[in-house]
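Notes follow once the structure below has been shown.
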Amino acid sequence: MKNLIFSVLGAAAVLVAGFYFPAFGAETPAPTARPAIYDENADGAKQIADALAVAKKENKRVLLQFGANWCGWCHKLHKLCQTDADIAAKLKEAYVLVLVDVNKGHNGDIDKKYGNPTRFGLPVIVILDEEGKVLTAQDTGKLEQGDHHDPKKVLAFLNEWAGKK
């Protein structure tokens, strides 16, 4: 009888352990990798100089989005800007977009040049006129609604700083 009890308890322990600790080698889904939206090797000064040349030619503003590939909010804002038709249209019409990587101090000189906007956290937006003058720096937390950026707030911000055509 004693052996039977130990056998039942042993079998139960194996079942419980198997439930809580899957066997080594069992397939587990791979973590979802985010695409790299920021070029971690890009020279921010060159990116901005190129954008200013286009902005001057096309009479647009330059929108700098400081961020990093590990930043979940950066990805949320980037996706919203690509998928919301009104926001995407306003960006195309009025702005030259530059994604400035600031991972691990990368482009720290650019952050400093524009008044250390990353002190607000990531992502942060800086709007430049076609000459490169800072018009505003926006803590994107002010554009959030719960767990996402509010499309109406983002569009209102873009409209406010788009300039006159």
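What follows draws every value from the coordinates through simple rules; no lab data is involved. Please read these numbers as outputs of a predicted model, since none were measured by experiment. Backbone-built Cβ (ideal geometry, glycine too); neighbour counts: all protein chains shown.
Given the criteria over 20 Å from W161 (Cα atoms) and part of a helix (DSSP H, G or I), does K79 qualify? In short, yes.
When only residues in segment 38-54 that are part of a loop (DSSP other than H, G, I, E, B) and surrounded by 12 or more Cβ atoms within 10 Å (Cβ to Cβ) count, which is farthest from the chain's Cα centre (by Cα)? So the residue we want is D43. Answer yes or no: is there a residue in segment 105-113 that is in contact (Cβ under 8 Å) with a residue 60 or more places away in the chain and within 20 Å of K164 (Cα to Cα). Scanning segment 105-113 turns up no residue that is in contact (Cβ under 8 Å) with a residue 60 or more places away in the chain and within 20 Å of K164 (Cα to Cα).
Tallying residues that are among the aliphatic types (A, V, I, L, M) and over 13 Å from T118 (Cα atoms) within segment 59-74 yields 2. When residues in segment 141-165 are screened for being more than 15 Å from the chain's Cα centre (by Cα) and of a type in the set (D, E), 1 of them pass.
Out of all the residues in segment 52-80, which are among the hydrophobic types (A, V, I, L, M, F, W, C), touching a residue at least 60 places away in the same chain (Cβ under 8 Å) and touching a strand residue (DSSP E or B) at 6+ places or on another chain (Cβ under 7 Å)? Spell out the reasoning first.
So the first thing to find is which residues in segment 52-80 are among the hydrophobic types (A, V, I, L, M, F, W, C), and the list is 52-55, 62-64, 66, 68, 70-71, 73-74, 77, 80.
Then keep just the ones that are touching a residue at least 60 places away in the same chain (Cβ under 8 Å); that gives 52, 55, 62-64, 66, 73, 77, 80.
Answer for segment 52-80, where residues must be among the hydrophobic types (A, V, I, L, M, F, W, C), touching a residue at least 60 places away in the same chain (Cβ under 8 Å) and touching a strand residue (DSSP E or B) at 6+ places or on another chain (Cβ under 7 Å): L52, A55, V62, L63, L64, F66, L77, L80.
Apart from one condition, G163 fits all of (1) assigned to a helix (DSSP H, G or I); (2) over 22 Å from G44 (Cβ atoms); the exception is (1).
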